Amino acid sequence: MTATTDGSTGALPPRAPSASDATAETTEPTDSLRTAVLDDTAESARRAAARATDYLLSLQDPAGWWKGDLETNVTMDAEDLLLRQFLGIQDPRTTEAAGRHIRGEQRPDGTWATFYGGPGELSATVEAYVALRLAGDAPDAPHMARASAWIREQGGVAAARVFTRIWLALFGWWKWDDLPELPPELLYLPKWFPLNIYDFGCWARQTIVPLTIVSAKRPVRPAPFALDELHVDPRRPAPPRPLAPATSWDGLFQRLDKALHLYHKVALRKLRGAAMRAAARWIIERQENDGCWGGIQPPAVYSVIALHLLGYDLDHPVLRTGLASLDRFAVWREDGARMIEACQSPVWDTCLATIALADAGVPADHPRLVKAADWMLAEQIRRPGDWSVQRPQLPSGGWAFEFENDNYPDIDDTAEVVLALRRVQHPDPQLVADAVQRAVRWNFGMQSRNGGWGAFDVDNTSPFPNRLPFCDFGEVIDPPSADVTAHVVEMLADVGRAHDPRTRRGIAWLLAEQEPSGAWFGRWGTNYLYGTGSVLPALAAAGIPGSHPAVRRAVRWLEKVQNEDGGWGEDQRSYQDKERWAGRGASTASQTAWALMALLAAGERESEAVRRGVHWLTGTQREDGSWDEPYFTGTGFPWDFSINYHLYRQVFPLTALGRYLGGGPAAVGA
C-alpha cells in the first residue's frame, strides 16, 4: 500500500529496526571508543538542554504559569460558528477568521481529519462544510464540491455521529425524531441505579445534562440555506437502521431508545418541567467563577444553549459570563485565522515545565521555579466537587487541569503537581508540605477498588453508558488507566509511601496491565509509548529493579519499535489497529522523550538505543531551543478526539535530556 497525495492515509507505518540492526557492526567497539561516543552524546545533550531551558523559561507568564496552545480539530471552530448562528450573535470578523482557519485545515481530497496526517473523518468534514457555508463559501466552489462528494460517498449526514446530527437538527437540517432520545428525567435516577448521570465520566456528564434539556425542547431555528448536497438521497435523508437482535446488548439499548421516543410523546408536563428545572439548577451550580463549565468548551456550549431555551436571555449574568468564557478559548493567529481550543491546560503545562526545568539542572530555589510553585499552590482546590458524590467524607486537596475548574480536579494533575512542588526549594516549606499532605490524602482516597486510578472519579466503570445509541462520540466512562495510575504511584513513592499497601496494590495493578508485547496502553497520551513512558519511571521510583521481567519486556519492546532515524513515534491509528501501529509512526520530540525516560528509568543510559534517541533529539532541535511537532501526541478520547499539546514538544525532551545528563529526576524536597 502506498501513501496518498497528502502522504498520510493508507501509508504503512515506518519500519522498526530488526534485531540484526543492533548487531550490524562487525567489531565490538573498544572501551575507549565507547567512552568517546558517550562523551560526545553527553556534550550534545548539554548544549541542547541549555538552549531548551532558555527557551522554556522565556515562555513563562509573569504570573508564574505556562500554557501552550491546545490544538484539536475543526469541529470546535465549526460548532462555535453554529452556536453563534443559533443565538443570533454572529459577527463578520469572527466568521471570516474561523472560515480562514477551517479552510486552512482542509486536506487535498476535500476532507478534514481529526489529527495531523490522519484520514478524512466524516463528522468533522460535515461540520466543517456547514461552517464554511455559514462563512459564505458557495457549495459549487471546488473545495466545497470535493467535500460534499466525499460526504455522500461515506453515506451522507445519516452516517455522521449523533452530535453532528444534533447540531443540524437545531436548524431543521435533520429531524429530532431521527436522533436518540435523552430525557431530562435521567437526573432523577439515584446513583446506585444503572445509567444515572454519575455512571458517566465527568466530561460526558457535563455535556449530557444540558443536552437532556435540548432533547426535550427540540428547538429549530430557521436555516439560512438547504443542505441537500450532503445527503445520499435528499428525498430520504434518514434511511431506517436495522435493529440488532433483542437478545444482544445493542438490541436491548436500541429498543430502550424506541421506548424513550414513545415516552417523549406522553411525558407528564409537570414532571418534565420539574426535571428540566432540576437540570438547569445542576448546570448553574457547576458554573465556574469565570463563567465556564468544567474549564472545557463542549459543556459550556451546550449549557448556554440549554439555559437559553429555558428563557435565560443573553444579558442574564449566567449566560453573559458563559459566552465571555467561550471567547477565552479562541486563539488568534498572525494570519488572521481564529482557532478554538477545546480547553486550556495551564496547571498541567506548569507542573510539567517545572519538572523539566528542575530535572535539567535549574537550581531548586531559582526565582522562576518558586514563582511557578506559588502559582500552583494558589490553584489547589479546597472545596468538594462532583467527585465527592462517590467520596462524601474525603477532604478535598486536588488540582484541576485548567485555570478555572473547581468542580473537577483530576488525579493525574494532582500527582504531577506534587512531583513538581517537591522539586522546588520554597521559602515556606511548611506551606508546600501542607499542600502535599492534602493532595496525597485525596489521591489515596480516589483509588478504585481494583487498585488503579482513573482520571476524575472512583470506580467509574459501568459497562452501560457506552451502549447507549446516543454515546457514539468517544469514551464516556473513566476507568483506571495505566498512565494515571503510574503517575500516582510515582508521586506516592516520591513522598515516601512506596511500601504503603495502597501503593503496592497500584503497582500490582500496573504489572497485571502490561500487554503481551511488553508495552502499556496509554489512555491520555498516544499511546503505548506514553503508557510505557509513564509506567517504567513509576516502577523505578517504587523500587522495582531494572532486572524485573516486566521491565525487561518493556525495554525489549521499546528497542524493537525505535525508528531507523533513532527517534520514536506512534500514530493515533494505534488505538484502532494495534497490530500495525502500536509504537509505529513518524518520530516526534515528545514521544522520543517518553521512550528515553522509560529506558533511563530501566537503567539503560549507556545503551545504543538511548544514545541514538538522544542524538535524534539534539539533531532535530531548532536554533531557538525548541522542537517542531505537528503530530498529535495527546489523547482526549482514544481515536475519537486527539490533541496536539504545543508545550509537549518542549517539556518532555528537556526532561529526558536532563535525566540523561543528571542520572534521574532532580533531588526532591523534604
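The HN-Hα couplings worked out from phi for the range 276-288 by the Karplus form 6.51 cos²θ - 1.76 cosθ + 1.60 (θ = phi - 60°) are 5, 5, 5, 5, 4, 4, 4, 5, 5, 4, 9, 6, 7 Hz, whole numbers, x standing for Gly and Pro.
Axis of helix 429-445 versus longest Cα principal axis of the chain: the two differ by about 60°, to the nearest ten degrees. Note on the range 150-197: Rg/Rh from C-alpha atoms, Kirkwood Rh, equals 1.16. Relative to the dominant Cα principal axis of the chain, helix 608-620 is inclined by about 60°.
Each of A50 and D178 was given a label point 7 Å from its Cα along the Cα-to-Cβ line. The distance between the two points is 6.5 nm. Charging the Cβ of each Asp and Glu at -1 and of each Lys and Arg at +1, and nothing else, the dipole of the range 583-632 about its Cα centre rounds to 180 debye. The chymotrypsin sites (Phe, Trp or Tyr not before Pro) found in the range 180-216 that occupy coil by DSSP, while having at most 11 further C-beta atoms within 10 Å, are W192.
Across the options P463, T125, N289, the greatest Cα extent toward the positive end of the charge dipole of the chain (unit charges at beta carbon of Lys, Arg, Asp, Glu) belongs to P463.
Site pair D109 and E623 shows an inter-label distance of 3.8 nm when each label is modelled 7 Å from Cα along Cα→Cβ. The simple Förster model, with R0 at 41 Å and r as the Cβ-Cβ distance, assigns Q430 and L57 a FRET efficiency of 0.90. Working from label points 7 Å from Cα in the Cα-to-Cβ sense, the F193 to A246 distance is 2.4 nm. Here's the picture: charge each Lys and Arg Cβ at +1 and each Asp and Glu Cβ at -1 in the range 138-284, and of A149, G273, P139 the one pushed furthest to the positive end of that dipole is G273. As a calculated quantity, the FRET efficiency between D315 and V220 at R0 = 22 Å, using C-beta atoms, amounts to about 0.40. Calculated FRET efficiency, E564 to V232, Cβ-Cβ distance, R0 = 56 Å: about 0.80 to the nearest 0.05. Report the GluC sites (Glu not before Pro) located in the range 330-439 that are in a DSSP loop and have at most 16 other Cβ atoms inside 10 Å of their Cβ, or state none. Taking the range 330-439 and a limit of 16 other Cβ atoms within 10 Å, the loop GluC sites (Glu not before Pro) found are E334.
Near T164, once Lys and Arg are set to +1 and Asp and Glu to -1 for all other residues with Cβ below 11 Å from its Cβ, the sum equals -2. Helix 482-494 versus the longest principal axis of the chain: what angle, 0 to 90°, nearest 10, using Cα atoms? So the helix axis and the longest Cα principal axis differ by about 50 degrees. The range 85-150 and the range 514-564 have their alpha-carbon centroids 40 Å apart.
For K265, the lysines whose Cα comes closer than 30 Å to its Cα, not counting residues fewer than 8 places off in the same chain, are K175, K191, K217. Among residues other than L243 with Cβ under 12 Å from its Cβ, the summed charge is +1 (Lys and Arg +1, Asp and Glu -1).
For the range 600-638, trypsin sites (Lys or Arg not before Pro) meeting the loop criterion (DSSP other than H, G, I, E, B) and having at most 15 other Cβ atoms within 10 Å: R622. Note on the chain: helix-only mean residue ellipticity at 222 nm, from DSSP H runs of 4+ residues weighted -39500 (n - 2.57) and normalised by residue number, equals -15000 deg cm²/dmol. Here the contact order of the chain, divided by its residue count and restricted to Cα pairs under 8 Å and six or more residues apart, works out to 17 percent. Where in the range 171-202 is the amide nitrogen less than 20 Å from a point lying 7 Å along the Cα-to-Cβ axis of K270? Within reach of a label on K270, which here means backbone N under 20 Å from a point 7 Å along Cα→Cβ, the range 171-202 contributes 184-189. Assuming charge only on the beta carbon of Lys and Arg (+1) and of Asp and Glu (-1), the dipole of the chain about its Cα centre is about 2120 debye to the nearest 20.
Net charge around A259, counting only other residues with Cβ within less than 12 Å of its Cβ (Lys, Arg = +1; Asp, Glu = -1)? Net of charged neighbours comes to +1.
Values in this text are rule-based calculations from the coordinates and carry no lab data. In this text the structure is predicted, and so the values were computed from the model without any measurement. Cβ: placed from backbone, ideal geometry, glycine included. Neighbour counts: every protein chain shown.
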